[in-house]
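*Asks:* Sharing a structure with you now.
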Amino acid sequence: QVQLVESGGGLVQAGGSLRLSCVASGITFRFFAIGWYRQAPGQQRDLVAIISPGGYANYTDSVKGRFTISRDNAENTVYLQMNSLKVEDTAVYSCNARSMARSFWGQGTQVTVSS
């Protein structure tokens, strides 16, 4: 059974930081690209950051320089370090594990940034 479990969300003031974690089980983790997505109320789910099996990272423009995605293949975990948080970063953040033929989602974790 494949599971992706996110943690680390919460309430933080603007300018603060949070670190999200996504722990995977049931897959050969090192073969999967892992992405963090977010969805605000009434909006579509958008890609925030993604890291390839080889560790190459890519970010959406609005988080470049503030967010860092990293992976620890030994721990089957991907992290999203979020600094200088803004009110507009408020959303449910979910991780996705993707290979050539398979895609899995976690349940998500709420991030709320107050002004």
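The values are calculated or read from the model by the stated rules, or taken from the named source; none is laboratory data. All values derive from a computational prediction rather than experimental measurement. Reconstructed Cβ throughout: ideal geometry from the backbone, glycine too, with neighbour counts over all protein chains shown. To get the accessible areas, we keep the full protein, side chains included, count just its heavy atoms, and leave off ligands, DNA and RNA. Shrake-Rupley method; radii C 1.70, N 1.55, O 1.52, S 1.80 Å.
*Asks:* Can you give me the solvent accessible area of E88 with a 1.4 Å probe, rounded to the nearest 10 Å²?
*Replies:* Solvent-accessible area, nearest 10 Å²: 130 Å².
*Asks:* Would you mind checking the radius of gyration and Dmax of region 9-77 based on alpha-carbon positions, in Å?
*Replies:* 13.2, 37
*Asks:* I've got another one for you. Work out, in µm²/s and without decimals, the Stokes-Einstein translational diffusion coefficient of the chain at 20 °C, 1.002 mPa s, Rh from Kirkwood over C-alpha pairs. Numbers along the way, then the final one.
*Replies:* On the way: Rh = 14.0 Å.
For the chosen part, D equals 153 µm²/s.
*Asks:* Just how much of I50 is accessible, in Å², when a 1.4 Å probe is used and the result is rounded to the nearest 10?
*Replies:* Looks like 30 Å² after rounding.
*Asks:* Right, here's the next one. Which order do the peptides 19-27, 51-59 come out in when sorted by mean C-beta neighbours inside 10 angstrom, highest first? Don't skip to the end; give the middle numbers.
*Replies:* Values: 19-27: 17.6, 51-59: 13.4.
Peptide ranking by packing, descending: 19-27, 51-59.
*Asks:* Can you give the relative contact order of the chain as a percent, counting alpha carbon pairs under 8 Å and 6+ residues apart?
*Replies:* It rounds to 36 percent for the chain.
*Asks:* Once the piece of chain linking A14 and Q44 is laid out straight, how much longer is it, given 0.36 nm per residue of separation minus the C-alpha distance between them?
*Replies:* Extra length available between A14 and Q44 comes to 8.5 nm.
*Asks:* Which value, in Å², gives the accessible area per residue of region 1-42 when a 1.4 Å probe is used on the protein heavy atoms?
*Replies:* Normalised by residue count, the accessible surface of region 1-42 is 52 Å².
*Asks:* Given a 1.4 angstrom probe, I'd like the percentage of the accessible area of the chain that is carbon and sulfur, rounded to a whole number.
*Replies:* About 47 percent, which is the carbon plus sulfur part of the accessible surface.
*Asks:* Separate question: Can you send over the solvent-accessible area of W36, 1.4 Å probe, protein chains only, in Å² to the nearest 10?
*Replies:* Approximately 0 Å² of W36 is accessible to the 1.4 Å probe.
*Asks:* Between S62 and E88, what length in nm is gained on full extension when 0.36 nm per residue of separation is reduced by their alpha carbon distance? Spell out each step's value before the answer.
*Replies:* Details: separation 26, 0.36 × 26 = 9.36 nm, distance 0.98 nm.
Full-extension gain reported as 8.4 nm.
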